[in-house]
Amino acid sequence: MAEHESLEFGKADFVLLDSVSLDEFMANLKLRFEKGRIYSYIGEVVVSVNPYRAMNIYGRDTIEQYKGRELYERPPHLFAIADAAYKAMKRRNKDTCIVISGESGAGKTEASKYIMQYIAAITNPSQRAEVERVKNMLLKSNCVLEAFGNAKTNRNDNSSRFGKYMDINFDFKGDPIGGHINNYLLEKSRVIFQQEGERSFHSFYQLVKGAPDAQLRSLHIQRDPTAYTYIKVGGQIKSSINDSADFKAVTDAMKVIGFTTEEIQTVYKILATILHLGNLKFGSDGDVTLIENSKLVSVLGDLLSTKDENVEKALLYRTVATGRDVIDKQHTHQEASYGRDALAKAIYERLFCWIVGRINDVIEVKNYDARVHGKNTVIGVLDIYGFEIFQNNSFEQFCINYCNEKLQQLFIQLVLKQEQEEYQREGIPWKHIDYFNNQIIVDLVEQQHKGIFAVLDEACMNVGKVTDEMFLQALNGKLAKHAHYTSRKLSPTDKNLEFDRDFRIRHYAGDVVYSVVGFIDKNKDTLFQDFKRLLYNSSNPVLKAMWPEGKLSITEVTKRPLTAATLFKNSMISLVENLASKEPYYVRCIKPNDVKSPLLFEHERCKHQVEYLGLLENVRVRRAGFANRQTYPRFLQRYKMISEFTWPNHDLPSDKEAVERLLQGCGFEHDVAYGKTKVFIRTPRTIFSLEEQRAEMVKRIVLFLQKVWRGTLARMRYRRMRAALIIIRAYRRYKVKSYIREVNRRFKNVRGMKDHGKHVKWPTPPKVLRKFEEALRNIYNRWWAWTLIKDLSPEEMVQIRAKVATLECLKGQRADLGLQRAWEGNYLVSKKDSPGTASSFTLVSSDLQRKDKFMRVLFSCNVRKINRFNKAEDRALLITDRHLYKMDPVKLYKPMKSIPLYNVTGVSISPGKDQLVVFHTKDNRDLIVCLQGMVPAGDSRIGELVGTLLSHFKSEKRKLQVNIVSPIHCSMNGRKCTVIVETKINQSQPDFTKSRSGYILSVPGN
């Protein structure tokens, strides 16, 4: 029972149908096709319906699903039958074969390729180079054989026009080590003639459309298939086949297989020869037959590496030996045309057989000694034409249908034989099964002296003119009383048969009417000896090797060659004997419609194929005894959850007793039989009931397992998380302790260091302590700062606070902040800045202190300012903790103006080295000054002024806005203006000048 397929897809195995009838069979087949299930089983036979579309069911994942599995463990598939054949070969050391049958277009060739692909994928796990080489050769051989043996027909774009049987040899480990290919009945008549809408063999179109221009020129070939008579019909067809790409793929494959460059070139020379032969035209001049387009003779001579006159003579004359005399008998127009076509067919057939032989030379097992390497086992794959019924059935269809009769006979015999052997092996009573034995039809064709082939050969051996009508008369005489043969002469009222042309055979698959027209010629398969000698005498060694019989001279007596019918009959008998010696597996291919549609299922079309493939008969044989059988361990493994006595494991003496207890518990003991190693189940309903109970229990088991497994996963996850947490905590503690110990070690003696540990490098903290490290650094920095300032006087502390305020405000925005020197603040009392006027400033400052009650002087300095008349003048600037005073140094520092400090809202300075300061006031009467008179002259006091004011404002909890910009925007007497700083080289002192937008402060450039 195939797993993972519900009944909505129909029954995966036709043996499990409720009732065995053609209608039930067809309904199930149609349902599965419509649901996209192209494979079904009949026991161990795979039924395949061509889907006419690409299906994603052949990839590596699918291969892994079927590898090593039993047939019923997975949904039906080609891979299942391939794996079963491989397992039987490997486990039981038995030769096996896979027989693929069905009509043209049913998908036989694709099936054989997928089987090869599967076997290649599951073998050679150790990747041995020699085994990989063999696998590659086997796969590449398909590509070459398809090019030369397949053609587009009205039924199929890639129809195999020959039968192929491939043996794959395996060593004792189950790895492929070689192979051998047999080919049967190539349809060589296709070389010279094709039905409307069909093509000749792919190789011709690949050459014409895909070969490089230089190669075509050397072969005298045009890139136009319609220019050649033999392939003209196919050249007019628009097709999806990419002949150009296929040419390269085939050439590459031939190189990989081992064809030499000379051999490949000879192959294409032969194809070109056939194309040119088709264009040869014969004419008559009286009684003399001539070649009308004689230029082609030299082309043929060049391609065949022989003399032009020899080619012409072989085409127009036939050498005949009469006693000791040898004469050249000229052909009639009709004989010349027949000889030309016979040569074209023979050359192509010989080429194809040579290619197969060349591939065999490469892939055959060499130097294999069973005593050293173990037994060499084989899997055979047979891809051969299916039963054919056309509007006009000729010699080829007769041979093909005879082949199918032989294979059907083998199929039924082997299936019955397998069933009977299995029953006997297991000790189950065997019940005789009636079935249609088509041995009578096989005898009708192949029986000595009486069979159709014997009558045909006898007619061909008669002296004198023998016609197809004479052959039909001989058949009527010998087979008049045969139940499966008739003709118009024997059934005069049957108007479906033509007099002197048709005969009918009642095959197992249905009645087929054959036309005897061409039977004699096709059976004789006559090729004049002159052509054989011509080709043997070629200077091309490859071509010469293809025609060894051309070595004989005309006077040498030779045996009459075997006829085509005899050769085919012998090959079929040999094939059947070969297959019968192996354990067979079957793939039966069905074509759902004639229009290659992936959606259309033509009931009558498929019904006919089901009948002639004998599928219903196969179901009946399989169902005659027991519908299903499984080994006891396998049965228990699948159904043990149904019974409490077998779940999870039984304690009974044997698996057989456990299976009996299980089936008794289910009430099925009357519908089963117990063999030695297997349980046999009679009706499909028992299987379905077991499957339903199993499906119900599997749900409960899965839920239980999910519950247990989820709990297990949760506990495992919890234990892992808890362990991880403990480890993390321990590690964190370790890292924290290590960090603190390292900090303690490095900073242990900082009190005694000159720089109090400023040079000590801090250790890298763990991530968890980064914020702690920041706090620790801040603590250290505060301590370090405290150690520096703890011994300072109050005056020094004021200066430190001012410098800190300057650094915070102006760092990175002005270059020289004056932080490295002592800040005096009240520079006008210094004799350095005001050597002659310091005393006068001191007196005025004291008077102002008494008058305005200020506590201390913050800053004083000489400045250059702009007055209200836009004139620059020298003044002194005094800033106390309460007022800002503007003084005239000329008038002994007489106060000119005072601005309450609370009226000052901010100051603006430039980012340069100049000493420009603008004091902004609430009444928009800003004060613009430039500090001057510094000693030494290069000193900058802007930083000191800004820092002192910021520190003072901060102590009074007021905010002072400091702007570092250029140009500076301000207000003079309520009018907006701009102050720009410019550098002048010849300027000795800073000075202001009026500009259109405000003022320009010119400062010295050096």
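Key figures
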{"item": "Residue (of F859, I909, I899) at the positive-pole extreme of the stretch 850-942, dipole from beta-carbon charges", "result": "I899"}
{"item": "Ratio of Rg to Rh over the stretch 650-720 (Cα coordinates, Kirkwood Rh, two decimals)", "result": "1.21"}
{"item": "Principal-axis tilt of helix 794-810 within the chain, Cα atoms, nearest 10 degrees", "result": "40 degrees"}
{"item": "Bins of 5 Å from zero: percent of alpha-carbon pairs in the stretch 108-157", "result": "4, 17, 25, 20, 14, 10, 5, 3, 1, 0"}
{"item": "Over the chain: helical MRE at 222 nm, DSSP H runs n ≥ 4 each giving -39500 (n - 2.57), nearest 500", "result": "-14000 deg cm²/dmol"}
{"item": "Reachable lysines from K478, criterion Cα separation under 16 angstrom, eight or more residues apart if same chain", "result": "K450, K489"}
{"item": "Carbon + sulfur, % of accessible area of the stretch 497-540 - ligands and nucleic acids excluded, 1.4 Å", "result": "41 percent"}
{"item": "Karplus 3J(HN,Hα) series, Hz, for the stretch 767-773 with 6.51 cos²θ - 1.76 cosθ + 1.60 (x for Gly, Pro)", "result": "4, 5, 10, 5, 5, 4, 5"}
{"item": "Scaled radius of gyration (Cα, divided by 2.2 N^0.38 Å) that the stretch 573-662 gives", "result": "1.75"}
{"item": "Geometric extent, Cα atoms of the stretch 395-523 - Rg, Dmax (angstrom)", "result": "18.1, 63"}
{"item": "DSSP-assigned coil residues among GluC sites (Glu not before Pro) in the stretch 120-214, each with at most 12 further Cβ atoms within 10 Å", "result": "E196"}
{"item": "Cβ-placed point charges (K, R +1; D, E -1), dipole of the stretch 172-267 about Cα centre in debye, nearest 20", "result": "120 debye"}
{"item": "Largest-first principal axis extents of the Cα set of the stretch 289-350 (Å)", "result": "35, 25, 24"}
{"item": "Under-5 Å amide H pairs with H507, H placed in peptide plane, nonlocal only", "result": "V512"}
{"item": "Within the stretch 927-1006, trypsin sites (Lys or Arg not before Pro) in DSSP loop having at most 13 other beta-carbon neighbours inside 10 Å", "result": "K957, R958, K959, R996"}
{"item": "For the stretch 903-919, Karplus couplings with θ = phi - 60° (6.51, -1.76, 1.60), whole Hz, Gly/Pro x", "result": "7, 7, 9, x, 10, 10, 9, 8, x, x, 8, 5, 10, 6, 9, 10, 9"}
{"item": "Ranked packing of 304-317, 709-722, 262-275, most packed first, by mean Cβ within 10 Å", "result": "262-275, 304-317, 709-722"}
{"item": "In the stretch 853-897, trypsin sites (Lys or Arg not before Pro) in a DSSP loop with at most 14 other beta-carbon atoms within 10 Å", "result": "K853, R856, R868, K871"}
{"item": "Cα long-axis angle, helix 22-34 against the chain (0 to 90 degrees, to the nearest 10)", "result": "30 degrees"}
{"item": "Accessible-area value, S294, 1.4 Å probe, nucleic acids and ligands omitted, Å²", "result": "70 Å²"}
{"item": "Alpha carbon convex hull of the chain, volume per residue in cubic angstrom", "result": "384 Å³"}
{"item": "Cross-link pairs beyond the 18 Å C-alpha cut-off, checked among K188/K209; K135/K255; K569/K591", "result": "K188/K209; K569/K591"}
{"item": "Partner lysines for K803 [C-alpha distance under 21 Å; skip if fewer than 8 residues away on the same chain]", "result": "K758, K790, K811, K913, K954, K957, K959"}
{"item": "On Cα atoms only, tilt of 684-746 relative to the major axis of the chain in degrees", "result": "30 degrees"}
{"item": "Amide proton proximity set for G178, modelled H, under 5 Å, gap of 5+", "result": "N169"}
{"item": "Size of charge dipole - the chain - debye, nearest 20, with Cβ of Lys, Arg +1 and Asp, Glu -1, no other charges", "result": "9440 debye"}
{"item": "Accessible surface, 1.4 Å probe, highest first, among residues H920, H603", "result": "H603, H920"}
{"item": "Highest-first arrangement of 701-707, 30-36, where packing means the average Cβ count within 10 Å", "result": "30-36, 701-707"}
{"item": "Total charge dipole magnitude, the stretch 751-795, about the Cα centre, Cβ charges on Lys, Arg, Asp, Glu only, Debye to nearest 20", "result": "280 debye"}
{"item": "Phi-based couplings in Hz for the stretch 12-19 (Karplus 6.51, -1.76, 1.60; Gly and Pro marked x)", "result": "5, 10, 5, 4, 8, 4, 5, 9"}
{"item": "Highest to lowest packing among 209-219, 569-579, scored as the average C-beta count within 10 Å", "result": "569-579, 209-219"}
{"item": "Positive dipole terminus of the stretch 930-1005, leading residue within V1003, T978, L931 (C-beta point charges)", "result": "T978"}
{"item": "For the chain, with +1 on Lys and Arg beta carbons and -1 on Asp and Glu, the positive-most of V736, H449, A85 along the dipole", "result": "V736"}
{"item": "Nonlocal amide H pairs with I98, under 5 Å, H built at 1.01 Å", "result": "G380, V381, L382, Y585"}
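The values are calculated or read from the model by the stated rules, or taken from the named source; none is laboratory data. Note that the structure is predicted; figures quoted are calculated from it, not measured. Counting neighbours? That spans all protein chains shown, and the Cβs are built from the backbone with ideal geometry, glycine included. Note: areas computed on protein heavy atoms with side chains; ligands, DNA, RNA excluded. Shrake-Rupley method; radii C 1.70, N 1.55, O 1.52, S 1.80 Å.
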